[in-house]
Amino acid sequence: MNNLISQNKLLNTRRGLLKAGGISALALMTGTAKAFSQGVDFKNSENISDDQLFAEVRAELMLKPGLIYLNTGTLGPAPQLVFDKVSMMMKRLEGNPAAENFGPMGQEMEKTRAKIASFMGADEDEIILTRNTTEGISTVCSGIDWTAGDEILTTNHEHGGAETGLNFLKATKGAVIKKMTMPYPAQSKKQLLDLVKSNLTAKTKMLLLSHVETVTGLRWPIKEVSELIKGRDILFIVDGAQAPGMLHIDLHDLGCDVYACSGHKWIMGPKETGLLYMRSAVQAQVNNVFLSGGYRVYSASSGTRNAPNIIGFGDVAQWHMAIGTKRIEKRCMELAAYCYSEMAKVEGIKIISSDKAELGSAIVSFSLPEGKKNGDFRRIMNDKNYTIKSLPQYNAIRISNHMFTTNEDVDKMLAELKIYLA
Ligand SMILES: Cc1ncc(COP(=O)(O)O)c(C=O)c1O
């Protein structure tokens, strides 16, 4: 009981506007269906300034005191209110595992697909809940028919997680992988569209692009690419690992066939959560044993799932929607613009991210000069309580500016960079 009271206190005393409305420990422990269906109440957020709102978001995180966290592109920090709910559900599950997992908690878990669909601008029956981006893309690549010699068009800036599926198609079905060499920094949408156009052939059967590139943070004009290849027999897969949670997403408007994403990066959700979107019209092309039982979260072919984690994934998506996904995107882009402009003043480095707003994202990456090693800088920064990402490909460092980042974080990081370069 003590535990219950302290959990309740923890939630009820959460300060400020972004409180966990409805996520009451007592209700969770008593197990009413209503308790599960209640989400996070951010109704008041419309009436407060951006600075106040995002300060509240920052206060909701559990980052170590003093840590400057600039690596959401690898893993995002979860808000405490979601973490608390998931933790409590995990505990409750252990009280009566089978009855919980296949009872009310299982039913609540099934509602996550609808929440994710709404977050992504898709229909519920187009969404599959996966463990991460890699699994989503691999599920598609291991489930489609392929004629040896047919081509996959992609770039030299894709992540290994996405390439796993492509390499599987190459090894098992004779796919030919063609990698376009990416310009960095990219200059215009036209430059990118021309690059795709000039590399398409009659044999191109799949196109895989990142919505936001893992290396430079380049934002591909996905809608325009969808229009460019319309009418051709090409499966357009978008690796969205770095986009939702940062950018407002409307999948039907983007027009791609497949979109895969992780919940544990910019969405800041429980770890090992992800989504796979398949446009209704392409679903028949993907036959995979794991989907043979249908797209429900728990089915004969999916086997048992982690219900608390998956419920938490739905909750964190609701949290983003309550803050406002367009508002989050605007904030992230403002932070990135500041980061870019201050970084541009640092002598000796080369920014490899695009300075064009339409091609940019919340990721800003820079290469270090000869004689300076990105791994060394990352380690030094780690010791000074900064988390940043090193990119071996270009001896570069990647900075992720999520909504909880501040200009002051960027100033401090760049001050350390100048000391390192001196
Ligand atoms: C563009 C991109 N795709 C895929 C992945 C793999 O993500 P996960 O490990 O969650 O599958 C990453 C991870 O950083 C990424 O940046």
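The values are calculated or read from the model by the stated rules, or taken from the named source; none is laboratory data. Not measured: the values here are computed from a predicted model. Virtual Cβ from ideal backbone geometry, glycine too; neighbours counted across all protein chains shown. Quick note on the areas: whole protein, heavy atoms, side chains included, nothing else; ligands and nucleic acids left out. Shrake-Rupley method; radii C 1.70, N 1.55, O 1.52, S 1.80 Å.
The table that follows gives values for the structure above.
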| quantity | calculated |
| --- | --- |
| Candidate set: region 82-109, residues that are touching a helix residue (DSSP H, G or I) at 6+ places or on another chain (Cβ under 7 Å) and hydrophobic (A, V, I, L, M, F, W, C); chosen: the one surrounded by the fewest Cβ atoms within 10 Å (Cβ to Cβ) | 90 |
| Residue within region 190-212 that is within 13 Å of the ligand (Cβ to nearest atom) and charged (D, E, K, R) present | no |
| Residues located in region 352-370, provided they are within 23 Å of residue 193 (Cβ to Cβ) and part of a strand (DSSP E or B) | 363, 365 |
| Failed condition for residue 290, given (1) open to solvent by 10 Å² or more (accessible area, probe 1.4 Å); (2) assigned to a loop (DSSP other than H, G, I, E, B); (3) within 16 Å of the ligand (Cβ to nearest atom) | (2) |
| Filtered residue count, region 251-274, keeping only those that are more than 9 Å from the ligand (Cβ to nearest atom), within 18 Å of residue 237 (Cβ to Cβ) and not β-branched (Val, Ile, Thr) | 8 |
| Strands (runs of 3 or more DSSP E) completely within region 131-249 that count 1 or more residues being charged (D, E, K, R) and touching a helix residue (DSSP H, G or I) at 6+ places or on another chain (Cβ under 8 Å) | 176-180, 235-239 |
| Index of the failed condition, residue 412 passing every other in (1) outside any loop (DSSP other than H, G, I, E, B); (2) among the charged types (D, E, K, R); (3) within 18 Å of residue 215 (Cβ to Cβ) | (3) |
| Selected residue (criterion: surrounded by the most Cβ atoms within 10 Å (Cβ to Cβ)) from residues of region 380-401 that are assigned to a loop (DSSP other than H, G, I, E, B) and either among the hydrophobic types (A, V, I, L, M, F, W, C) or touching a Gly at 6+ places or on another chain (Cβ under 7 Å) (or both) | 388 |
| Neighbours by Cβ (under 7 Å, 6+ apart or cross-chain): first from region 231-250, over 23 Å from residue 74 (Cα atoms) and of a type outside the set (Lys, Arg); second within 16 Å of the ligand (Cβ to nearest atom) and in a loop (DSSP other than H, G, I, E, B) | 236/256 |
| Residue list for region 146-172, filter: within 14 Å of the ligand (Cβ to nearest atom) and of a type in the set (A, V, I, L, M, F, W, C) | 162, 166 |
| Test: residue in region 289-308 that is closer than 22 Å to residue 151 by Cβ and in contact (Cβ under 8 Å) with a residue 12 or more places away in the chain | no |
| Complete set of residues in region 376-421 that are without any contact (Cβ under 8 Å) to a residue 60 or more places away in the chain and not hydrophobic (A, V, I, L, M, F, W, C) | 376, 378, 379, 382, 383, 384, 390, 392, 395, 408, 416, 420 |
| For residue 377: the one exception among (1) modelled with pLDDT under 95; (2) over 25 Å from residue 247 (Cα atoms); (3) open to solvent by less than 30 Å² (accessible area, probe 1.4 Å) | (1) |
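The rows are residues; the columns are (1) open to solvent by 10 Å² or more (accessible area, probe 1.4 Å); (2) in contact with a Leu (Cβ under 6 Å, 6 or more places away or on another chain); (3) assigned by TED's automatic domain parsing to the domain that holds residue 239.
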residue: 122; (1), (2), (3): yes, yes, yes
residue: 135; (1), (2), (3): yes, no, yes
residue: 149; (1), (2), (3): yes, no, yes
residue: 154; (1), (2), (3): no, yes, yes
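Rundown of residues vs (1) in contact with a Pro (Cβ under 9 Å, 6 or more places away or on another chain); (2) within 16 Å of the ligand (Cβ to nearest atom); (3) part of a strand (DSSP E or B), yes/no style:
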site	(1), (2), (3)
72	no, yes, no
85	yes, no, no
88	yes, no, no
93	yes, no, no
98	no, no, no
108	no, no, no
